[in-house]
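Take a look at the structure below.
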């Protein structure tokens, strides 16, 4: 999350680091729901997050050292700190794959889902994946599932 998201996007773009804003409007404020006349005060967390969430590149081939280079230590946005923990929202097929990739890359990984059944299915699929992998012992303990 970045309180000065556009400034950070510009800065990262100058460093040739692509960023995305996947959900520029929270669901309650989308045109399809305008007939409900929602105000930001109805969904204060969503209203805040739609203005500060920023997606950075994260993929299996991204080395830990490169992931730590996103922000220069002298940058006014934040101090350089190594990324050590990754949170993934959504335990569906995509979330499971991202969780596995992050764990294999050495990150402590937390998989969140509000739906207990989805979280249980996700946990079972990840366990099934690890049961077929030689890296199981090194990585399985890096994924935590939470509701």
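Some observations on this one:
- Of the strands (runs of 3 or more DSSP E) lying entirely inside the stretch 41-146, the ones with 2 or more residues being modelled with pLDDT under 85 are found at 85-89, 143-146.
- Options 22, 38: the member that is within 26 Å of residue 108 (Cβ to Cβ) and at pLDDT 80 or above: 22
- If you go through the stretch 7-32 and keep only what is part of a helix (DSSP H, G or I) and surrounded by 13 or more Cβ atoms within 10 Å (Cβ to Cβ), you end up with 8, 9, 11, 12, 28, 29.
- Residue list for the stretch 1-24, restricted to those being within 15 Å of residue 52 (Cβ to Cβ), without any contact (Cβ under 8 Å) to a residue 40 or more places away in the chain and under 17 Å from the mean Cα position of the chain (by Cα): 19, 20, 21, 22, 23, 24
The values are calculated or read from the model by the stated rules, or taken from the named source; none is laboratory data. Model, not experiment: these values are computed from the prediction. Counting neighbours? That spans all protein chains shown, and the Cβs are built from the backbone with ideal geometry, glycine included.
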